Amino acid sequence: MRKLTTIFFYFLVQLLVFGSGKVSTQKVVPAYKLDNLKINLDGKLTEPIWQKEPIKDFTQRDPNEGAPATEKTEVWIAYDEDNIYVAAHLYDSKPDMIDASLARKDGYSNSDWFGFYVDPYNDRRTGNYFGVNAGGTMIDGVLFNDSWDDATWDGIWEAKTSVDETGWILEMKIPFSQLRFNEVDKMTWGVNFTREIKRNNEKSFYVMVPKNESGFVSRFATLNGLDGVKPKQRFEILPYVVQKAQSLVHDQNDPFYKSSQFKSTFGADFKIGIGSNLNIDGTINPDFGQVEVDPAVINLSAFESYFNEKRPFFIEGSDNFYFGVGGVNNNWGFNFGWPELFYSRRIGRPPRGAVSNAEYVQYPSETKILGAAKLSGKLDETTSIGAIAAVTERTYASLWNNGTKTNEEVEPFTYYGVFRSKKEFNEGRQSLGFMFTNVNRSFNDNTLKNNLSRNAYAFGLDGWTTLDDNKEYVLAAAVAGTYVNGTKEYLQILQKQPYRYYQRPDATYAIYDPTRTSLSGYYGRIMLNKQQGNFYINSAVGFVSPGFEQNDLGYQWMADRINVHTVLGYRWFEPEGVFRSKQVYVSYARSLDFEGNTISNFIWGRSGVTFTNYYSVNVGGNYSFESINKTFTRGGPLTIQPSEYNVWLYASSDSREKIIGELNATYAKDALGGVYQEYNLALTWKPNTQITFSIGPDYSVNKDPRQWVGNFDDAAAVNTFNTRYVFGKINQHTLSANIRLNWTFSPSLSLQLFMQPFFAVGEYGEFKELAKAKTTDFNIYGSSGSTINYDPAAQLYSVDPDGVGPSQGFSFGNPNFNYKSLRGTAVLRWEILPGSIFYFVWSHNQTNFENPGDFNFARDFKNLWKADGDNILMVKFSYWFNM
């Protein structure tokens, strides 16, 4: 640990000693001021300002890197006090072949596009992008880390297009209020432009960055001429109203059902500009309803499933709160990773408190967010800042017993706070940032107090430095610490988390302490990455202590780990023969715990090619050497993880075709005979420019001879620390499909349909117990004097593990399962005016559990189809006021 800490502080010193490096010559783009002229946004270049000298000379990046674009493009930029305008004439020698496909806003489709990239701070690392295709579909997002983008930002702007015999024309109108910049009399911004021609698979740029080089925003052209811009103070308010009606599967005598069938909700979001470079986003009684359901999953592990954020308040600007990932343009994990200190789905999550037994219970599905606010932007060109504060209400479940209604607290009043800031030095060659999160709860219920932390804090420092003038090599690092406190009962729960398991009977480093009332831990990682060139290397070393706990406001899946990895690769970017590009990567990675046990040790490889017809094939695999498994017994002793190999294949067709196909196949096998297979086929059909239909069936088979069933105390189990760790042989089949239909009537009116049938069936047999710690030896029940009997009426297995021996025996329920679900949504979206949107949403979910352990698709589908389901209808209208 001392060596790793020394390396990290050496890295911090580098932030101060490296020079500024070379400055490259940049293209210059003029911005024309509209004195008294008004732009009629109609997709036609009739205004005199568009007769001025345009910028042109685009260069291909694909398919022929460095060659001039095959078609002429002319671009102009103009501005007035309130808006910046972009116009382009995209000449085309074959106008009848222009693809003007329609999609809803932010729905990218393979068609003919024009893109405008802008770096308003001129910091050469961040910015925004705005794209329009020939049909008028609009996309937007933010740029960060020089070459990364995030499409979750949703700006309010306008664009119009037209197609004629010369090609197609577009006009964009982007309010200055949608951009963040430092307001001065003579501003200098960074800009770039791109054009995509679908039939040629061509992508050209005004400033083209070769594939074997790094960076993007740092290469932008200079925009001059933005003089005397005095944008008005930004204040936006977005009030909304939601009417919900639901029909749910319920008991006819449930006294709570009728009162929750219909619900009206009112609230508002608002944005306040602090100058031109900072924004405050706020929400009052926010509507955080999701327009698409989370996918169905069957999780047989001890770890929490991860679901992506879908709520607009949190996803917009989420890149401001990433920790550790900046600087390098590739972040490899290999059983490790940068800590996710802020996982926004923790705010407003479902309550977690248990309730007393009752005839009927009305348990809330989410915790209401009373209010939330977010500050984001830059203090200057090099210093970014972001903060979130949210308060969730004290939440109660309602209980009904013998005609009496009572309430029990299931989630306490809670405050969530996040603060993030980063400072860059030497034109982005170095950076240093910090992040702080806190969760503070106020309890009224002692039972709930024993299940949740009272206070949780996390603090981290991260940054990077380039190691040469060309920014070819980058060193990135991060350190973090956490502190959690609460009752003894809660700390007992925390010590038993699956990424920690302090209660292990053979633990020698971190020992379970039932009296402790707090837990603290630390994290550190340093990574070297080669940013550009044909040859590639990435290497990292990291550690996270057993007591590191970020799960109150972050997402955690690891602790007690020391990890190293090295990746070597070679990329061929130039076409050769039948290949358009090729790449090959190999890696070695190893992880140990703080006791010195090797918990993973493997070699990995991947190779891929793209052919000249734009079909692609990728193959890969890994071989894992025998290692120690700490989680197999769910808090019990260490066991041996057998060696294993894994191979996979991915293939895809040309995305320009009317029917597009993708294929995934995986096969894995371990030394004990466990086998996993998965096959996925994704098909997309585009019958016309308005409709896209896709279906993605997925089928997997998991045959594992060591699936955990349960742990049972028994003083006679002397070889396994007085506990019997029971496992079974599982044969699991999982079949699902993601089905989507997108019908876009116009760029402002669209219908989206989504459906996911899901079947997961697991059959258990050959029950056994671990014979000895740190082995793969098992005692199979029903042999060597042991007995096992099944009572089908009670659905119970009874086990006598030693026959005439001293054990009293035990029983466990039948673990077989047959989970079937059908989930779906239909969303009609109509953007009546820019930023003002009407939604009509239907959501459906039905489940069935008949015939556990027996997979028969025809019968299971029939049973699912007959099952009752939940239906929710929602109408939402929001109106954008720009004051």
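The values are calculated or read from the model by the stated rules, or taken from the named source; none is laboratory data. Values in this document were obtained by computation on a predicted structure and should not be read as measured data. We place every Cβ from the backbone using ideal geometry, glycine too, and count neighbours over all the protein chains shown. We work out accessible area using only protein heavy atoms, side chains counted, and drop any ligands, DNA or RNA first. Shrake-Rupley method; radii C 1.70, N 1.55, O 1.52, S 1.80 Å.
The protection proxy used here, the mean number of other Cβ atoms lying within 10 Å of each residue, ranks peptides 251-257, 147-153, 121-127 as follows, highest first: 121-127, 147-153, 251-257. For the chain, the carbon plus sulfur part of the accessible surface works out to 55%, probe radius 1.4 Å.
Measuring between their Cα centroids, segment 441-497 and segment 404-437 lie 10 Å from each other. In segment 739-816, a dipole from Cβ-located charges (positive for Lys and Arg, negative for Asp and Glu) runs towards its positive end, and of SER783, TYR797, SER746 it is SER746 whose Cα lies farthest in that direction. With a 1.4 Å probe rolled over the protein heavy atoms of all chains, the accessible area of ASP119, ASP868 falls in the order ASP868, ASP119, largest first.
May I ask which of LYS423/LYS449; LYS582/LYS630; LYS186/LYS271; LYS423/LYS582 have a Cα-Cα span longer than 31 Å here? Intermediate results must be reported in sequence, preceding the final value.
Numbers: LYS423/LYS449 39 Å; LYS582/LYS630 39 Å; LYS186/LYS271 26 Å; LYS423/LYS582 37 Å.
In this structure, LYS423/LYS449; LYS582/LYS630; LYS423/LYS582 lie more than 31 Å apart at Cα.
Straight Cα distances below 19 angstrom link LYS405 to the aspartates and glutamates ASP251, ASP254, GLU359, ASP445, with same-chain residues fewer than 8 positions distant left out. Taking a ≥ b ≥ c as the square roots of the eigenvalues of the Cα gyration tensor, segment 312-396 is oblate, since a/c reaches 1.5 or more and a/b is not larger than b/c. Think of a 1.4 Å ball rolled over the protein heavy atoms: the chain then has 43 Å² of accessible area per residue. Could you tell me which of rounded, prolate or oblate describes segment 40-99, using a ≥ b ≥ c as the square roots of the eigenvalues of the alpha-carbon gyration tensor, with rounded for a/c under 1.5 and, failing that, prolate when a/b is larger than b/c and oblate otherwise? Prolate. Taken one residue at a time, the phi angles of segment 371-382 give Karplus couplings (6.51, -1.76, 1.60, θ = phi - 60°) of x, 8, 9, 9, 10, 8, x, 10, 6, 7, 5, 10 Hz. Gly and Pro are set to x.
To the nearest Å, what is the center-to-center distance of segment 676-696 and segment 126-201, using C-alpha atoms only? So the two Cα centres are separated by 29 Å.
Considering helices alone, the calculated mean residue ellipticity of the chain at 222 nm is -1500 deg cm²/dmol, with DSSP H runs of length four and up weighted by -39500 (n - 2.57) and normalised per residue. Applying both filters, DSSP loop and at most 14 other Cβ atoms within 10 Å, to the trypsin sites (Lys or Arg not before Pro) of segment 739-839 gives LYS772, LYS774. Where a ≥ b ≥ c are the square roots of the eigenvalues of the C-alpha gyration tensor, would you call the chain rounded, which needs a/c under 1.5, or, failing that, prolate if a/b is larger than b/c, or oblate? Prolate.
For the pairs LYS422/LYS530; LYS94/LYS686; LYS105/LYS862; LYS263/LYS820; LYS52/LYS230, flag any whose C-alpha to C-alpha distance is greater than 31 Å. Kindly include the intermediate steps, with their values, before the conclusion.
Numbers: LYS422/LYS530 22 Å; LYS94/LYS686 21 Å; LYS105/LYS862 38 Å; LYS263/LYS820 29 Å; LYS52/LYS230 24 Å.
Check vs 31 Å cut-off fails for LYS105/LYS862.
The separation of segment 360-390 from segment 779-815, counted between C-alpha centres, amounts to 52 Å.
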